[in-house]
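Enquirer: Before we start, here is the structure in question, set down as structure tokens.
The values are calculated or read from the model by the stated rules, or taken from the named source; none is laboratory data. Treat the numbers as computed from the prediction; the structure is a model and nothing was measured. No Cβ is skipped: glycine too gets one built from the backbone with ideal geometry, and neighbour counts run over all protein chains shown. Note: accessible area is taken over every heavy atom of the protein model, side chains too, but ligands, DNA and RNA are not part of it. Shrake-Rupley method; radii C 1.70, N 1.55, O 1.52, S 1.80 Å.
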Amino acid sequence: MKATLFAAFAAGLLLVAPHSASATPAVQSGALAHGGTYFISVDSAAPVAAVDLWFRAPDDGYDGQTPGLARVAATAAAAAKLASGKTLAEMVTQAGGRLSIEVFPDVVEVGVVVPTSAARRVLASLTAAYFAPGIDDAALHAALTDATVLAVQQQYEADLLAHDLLFARMFASKPANEPPIPLSLTAISHVTLDETKTFAQRAFRASNAFLTLAGDVDPSVLSVVTDGDGAGAPEPPIDATPVSPVPAPSTQPGAEPVVGIAWVGPPISDERAATALDFVADYLFRPNFGLVWRAVDRSGARVDVRGQFVTLHSPGVMLVTLEGSDGESTQTQVLQAVSALRQPMDSAAFAAAREAFIYHLNSDTQAPDEQADMLGWYAAEGAASYAPGGDEYDRVARSLDPDFIAATVRRYLASPVVVRIVVGASQGGTST
């Protein structure tokens, strides 16, 4: 999921290979007693416990007719009163923890980080809130207010707006081609209580859940999960249909200038190709280390470069955003750097870059919340054992070689989708 920026102009320019970081602890997994799947990564030295719930669910509802429904339902469940008389949000706050809700086109994540002493009662509250949601008018009102605020905010987040526009241009099918939180405030206001409750009962049922725990947690904590609908299969992964042929570059109006570049990549089942594009993103775009990032930083260009390969069930997506007034001039630099990787790297330069990449991935999965996030994302996308930081990912990463990287770049990074957000531009205009 993670990535970085680059500029591969000087053959032989090496990343410094740091000492290797330790991989994440061994993962235990199994079936919950009342439905769902769990994954636990125990680290008794961690100061906190991270607990995530992940669900496969379309962001616009199962009929594809209610934009923003998943976000509203997920927030409403956290705002609904539990048997204790408190909401999940209140329970987490009183425990001194942090609650986060993230909605993607195909999955919903509810994440909690709390002191270890609060893990049991918060896990019980978290699973009760979602496996047996008690959403009412008050909870729906709180969720609609939250979604409205986020809808306004995202219109001023150029990087996020470019991401949403790229997906809209790349994919022909819902839910991938629309933002999880619609830009239209009217669309959000039309979500009803019945729609929200019906969606929550299907999407958040225990048998559709992937529960991930990391940090200072004991497996015995699972005994507090007493809600659930019983054994059953989760919803199948939600795939997207790419647009063909690749659409022409487009220009959209926005509050801040940004250029977005994206390519359709391999599915998660092609672990080696997906890992190769993770490597490319790290080698070229990682802040402070990536070749393009460093070259742009040295040039003094007024642009924030970000890049990542988003691993999805099918297909994955390579994304690069260039936020700032010099985005269009930097676009050429990015495309040249990607094109340069169509030829195999020098073996010594590659060996150093691969070690740096593995170190970066391991260091990115050291904190409990990062471990829980990775386990949950890859489980929801259909390949839990392939989560970065684990033995399988490390094995695949070490199998990469210059010829395979070049072949993967040639196969997937040839025809990008490009969107440009320009202050004062006309809606829907095109440019070349």
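Enquirer: Which residue pairs have Cβ atoms closer than 6 Å, lie 6 or more positions apart in sequence or on different chains, and pair a first residue in region 63-92 that is touching a residue at least 60 places away in the same chain (Cβ under 8 Å) with a second residue that is among the charged types (D, E, K, R) and assigned to a helix (DSSP H, G or I)?
Expert: The qualifying pairs are Thr66/Glu195; Thr75/Asp146.
Enquirer: State whether one or more residues within region 39-56 are open to solvent by 50 Å² or more (accessible area, probe 1.4 Å), at pLDDT 95 or above and not in a strand (DSSP E or B).
Expert: Within region 39-56 (the criterion being open to solvent by 50 Å² or more (accessible area, probe 1.4 Å), at pLDDT 95 or above and not in a strand (DSSP E or B)), the answer is no, since none of the residues qualifies.
Enquirer: How many residues are in contact with a Ser or Thr (Cβ under 9 Å, 6 or more places away or on another chain) and either closer than 18 Å to Ala406 by Cβ or not in a helix (DSSP H, G or I) (or both) if we restrict to region 286-308?
Expert: Qualifying residue count, region 286-308: 14.
Quick grid of which residues meet (1) touching a strand residue (DSSP E or B) at 6+ places or on another chain (Cβ under 8 Å); (2) among the β-branched types (Val, Ile, Thr):
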| position | (1), (2) |
| --- | --- |
| Gly134 | yes, no |
| Ala143 | no, no |
| Leu150 | no, no |
| Ala158 | yes, no |
| Asn177 | yes, no |
| Ile188 | no, yes |
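Enquirer: Against the condition touching a strand residue (DSSP E or B) at 6+ places or on another chain (Cβ under 8 Å), touching a residue at least 60 places away in the same chain (Cβ under 8 Å), over 30 Å from Pro315 (Cα atoms) and not polar (S, T, N, Q), how does Val113 come out, does it pass?
Expert: yes
Enquirer: Quick check on region 24-38: of everything there that is farther than 18 Å from Val110 by Cα, assigned to a strand (DSSP E or B) and polar (S, T, N, Q), which residue is most open to solvent (accessible area, probe 1.4 Å)?
Expert: The extreme case among them is Gln28.
Enquirer: Scan Leu312, Leu291 and give me the residue that is out of contact with any Gly (no Cβ under 7 Å at 6 or more places or on another chain), at pLDDT 95 or above and open to solvent by 20 Å² or more (accessible area, probe 1.4 Å).
Expert: None of the other options fit; the residue is Leu312.
Residue-by-condition table, conditions (1) farther than 28 Å from Gly111 by Cβ; (2) surrounded by 18 or more Cβ atoms within 10 Å (Cβ to Cβ); (3) touching a strand residue (DSSP E or B) at 6+ places or on another chain (Cβ under 8 Å):
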{"position": "Ala214", "(1), (2), (3)": "no, yes, yes"}
{"position": "Asp218", "(1), (2), (3)": "no, no, yes"}
{"position": "Ala233", "(1), (2), (3)": "no, no, no"}
{"position": "Ile261", "(1), (2), (3)": "yes, yes, yes"}
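Enquirer: Residue check, Gln336 against (1) open to solvent by 60 Å² or more (accessible area, probe 1.4 Å); (2) outside any loop (DSSP other than H, G, I, E, B); (3) farther than 22 Å from Asp403 by Cα, all met but one. Which one?
Expert: Every condition holds for Gln336 apart from (3).
Enquirer: Could you please find all residues in region 176-190 being in contact (Cβ under 8 Å) with a residue 40 or more places away in the chain and surrounded by fewer than 23 Cβ atoms within 10 Å (Cβ to Cβ)?
Expert: Scanning region 176-190 gives Asn177, Glu178, Pro182, Ser184, Ala187, Ser189, His190.
Enquirer: Could you tell me which of the residues Ala356, Ala372 is closer than 18 Å to Leu213 by Cα, in contact (Cβ under 8 Å) with a residue 12 or more places away in the chain, in a helix (DSSP H, G or I) and open to solvent by less than 10 Å² (accessible area, probe 1.4 Å)?
Expert: Ala372
Enquirer: Name the residues in region 375-403 that are of a type in the set (S, T, N, Q) and either without any contact (Cβ under 8 Å) to a residue 60 or more places away in the chain or assigned to a helix (DSSP H, G or I) (or both), would you?
Expert: Ser385
Enquirer: Among what's in region 99-120 and is more than 18 Å from Asp164 (Cβ to Cβ) and either modelled with pLDDT under 95 or out of contact with any helix residue (DSSP H, G or I) (no Cβ under 7 Å at 6 or more places or on another chain) (or both), pick the residue that is most open to solvent (accessible area, probe 1.4 Å).
Expert: Ser117
Enquirer: Where residues in region 196-212 are crowded, with 24+ Cβ neighbours inside 10 Å and not aromatic (Phe, Trp, Tyr), which of them is farthest from Val72 (Cα to Cα)?
Expert: Only one residue fits best here, namely Thr212.
Enquirer: Still on this model: Count, please, the residues in region 319-332 that happen to be assigned to a helix (DSSP H, G or I) and crowded, with 20+ Cβ neighbours inside 10 Å.
Expert: Qualifying residue count, region 319-332: 3.
Enquirer: Give all pairs with beta carbons closer than 7 Å in which a residue from region 334-347 that is free of Cβ contacts under 8 Å to residues at least 60 places away in the same chain meets a residue that is open to solvent by less than 60 Å² (accessible area, probe 1.4 Å); count only pairs at least 6 apart in sequence or on separate chains.
Expert: Ser347/Pro402
Enquirer: Going by the conditions given, is Leu165 in a helix (DSSP H, G or I), within 18 Å of the chain's Cα centre (by Cα) and surrounded by fewer than 18 Cβ atoms within 10 Å (Cβ to Cβ)?
Expert: no
Enquirer: Which condition breaks for Asp326 when tested against (1) more than 28 Å from Gly376 (Cβ to Cβ); (2) within 25 Å of the chain's Cα centre (by Cα); (3) modelled with pLDDT under 95?
Expert: (2)
Enquirer: Out of the residues in region 57-86 that are hydroxyl-bearing (Ser, Thr, Tyr) and surrounded by 23 or more Cβ atoms within 10 Å (Cβ to Cβ), which is nearest to Thr226 (Cα to Cα)?
Expert: Ranking the candidates gives Thr75 first.
Enquirer: Could you check how many residues of region 265-288 are in contact (Cβ under 8 Å) with a residue 40 or more places away in the chain and open to solvent by 50 Å² or more (accessible area, probe 1.4 Å)?
Expert: 3
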